[in-house]
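One structure below.
Each value in this text was obtained by applying a stated rule to the coordinates, not by laboratory testing. Since this is a predicted model, take the numbers as computed values, not measurements. Here the Cβ is made from the backbone with ideal geometry for all residues, glycine too, and neighbour counts use every protein chain on show.
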Amino acid sequence: MKNLLSLLLLLFLFNACHKDSKIEKTLYKKGGKWEIVNFSQYQWTQNTSFIKPEFHCTHCGAIEFKKDGSGTMTLTSSDGQKQLISFKYKYQSNLLAIETNEGNQTYEITWNYSGTDIELNQTIPSVGYVAKIRCKRSK
C-alpha cells in the first residue's frame, strides 16, 4: 500500500511539472512575441477604497519570451518614448516570475482556451497596487 501511494505521488508530481513545462513552452513557441493589447496599473490607499489609475495604455508595446528563460518588454508611452526592459522568467503553477534589474515581480497568468491570449495580473495589497497586462500572440 505504501509503495502504491508513493507511486501515485510521483505520478502526480511528474504530471504537474510536465504541465508547467508545456505551458512555459507556449510562451516562447511561434517566435514568443506577444502584443500588449492593454496595460493598466492602479494604486489605492488604505484610507479609501478609491482606485486611481496610475498608468494605462492600449496597443503600446510587446513582450518577447525566449526559450532560454530570458525576454524583453517594449513599452511606448503616449508621447512616443520607448522603454526596453530585459528580464528573466520562470513559469510555475499559474504564476509567472519575472526578474529585472529593478527587482522581482510575480504575475498570475490566465490563458484563453486556444492559447493565443494571456492576461498577467499582479496584486500587492500591502502597498495598494494592481497591474493588469492583456496580450495577444503576434503573428
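In the range 45-130, taking the dipole from charged Cβ atoms about the Cα centre, the farthest positive-side position among Ser78, Thr123, Ile98 is held by Ile98. Taken one residue at a time, the phi angles of the range 131-139 give Karplus couplings (6.51, -1.76, 1.60, θ = phi - 60°) of 10, 10, 10, 9, 10, 10, 4, 6, 9 Hz. Gly and Pro are set to x. Exposure proxy shown here: for Ser86, Ser114, the number of other Cβ atoms within 10 Å sets the order, fewest to most, as Ser114, Ser86. The modelled label-to-label distance for the pair Gln41/Glu64, using points 7 Å beyond Cα in the direction of Cβ, is 2.3 nm.
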